[in-house]
Amino acid sequence: MPIRKILIVDDSPTERYFLNELLSRNGFMVTAAESAEQAMSSLKDQLPDLILMDVVMPGLNGFQFTRHLSKDPVTQNIPVIMCTSKNQQTDRIWGLRQGARDYVTKPVKPEELLGKIAALG
């Protein structure tokens with residue numbers, strides 16, 4: 001399934017802007033949420049083809065939200081790429097165990113992220 005619609009879940013306005021610009025310039029339809037809770041309500045309206053998930057957020061963190069998505073029959077097949085400043089190997093392993101398909105550390109390298117998205121599509 002080609003990836004066209006991407007949901008960014010990140011509490012940083014700067015990161016949301018950067019990712020939105022990068023992805024929009026590369027032909028993706030992008031929506032964004034500043035929290036897991038806001039993302040949950042937007043998922044009810046339209047399911048994305050991919051979710052870019054920050055880890056450190058107020059409320060439900062990215063690990064918890066990814067685990068929730070992977071257990072819900074409606075969202076379990078939506079791939080998640082963790083997109084976070086948490087750069088320890090244990091964080092990467094934990095993110096993948098929660099259901100993420102891949103893991104990118106900030107600052108995001110555009111070519112790396114676009115390559116990972118292409119590999120999923």
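A short reminder: the numbers here are calculations on the coordinates, not readings from a lab. Keep in mind the model is a prediction, meaning the values are calculated, not measured. Note that each Cβ is placed from the backbone with ideal geometry, even for glycine, and that neighbours are counted across all protein chains shown.
Placing unit charges on each Cβ (+1 for Lys and Arg, -1 for Asp and Glu) gives segment 5-120 a dipole about its Cα centre, and among Ala39, Leu19, Leu52 the Cα reaching farthest toward its positive end belongs to Leu52.
If the only charges are +1 at each Lys and Arg Cβ and -1 at each Asp and Glu Cβ, what is the size of the charge dipole of the chain around the Cα centre, to the nearest 20 debye? Mind dumping the intermediate values first?
Numbers: 14 positive and 14 negative charges, 67 e Å.
Approximately 320 debye in magnitude.
For the chain, the spread of Cα positions along the three principal axes, ordered from largest to smallest, is 33, 30, 27 Å.
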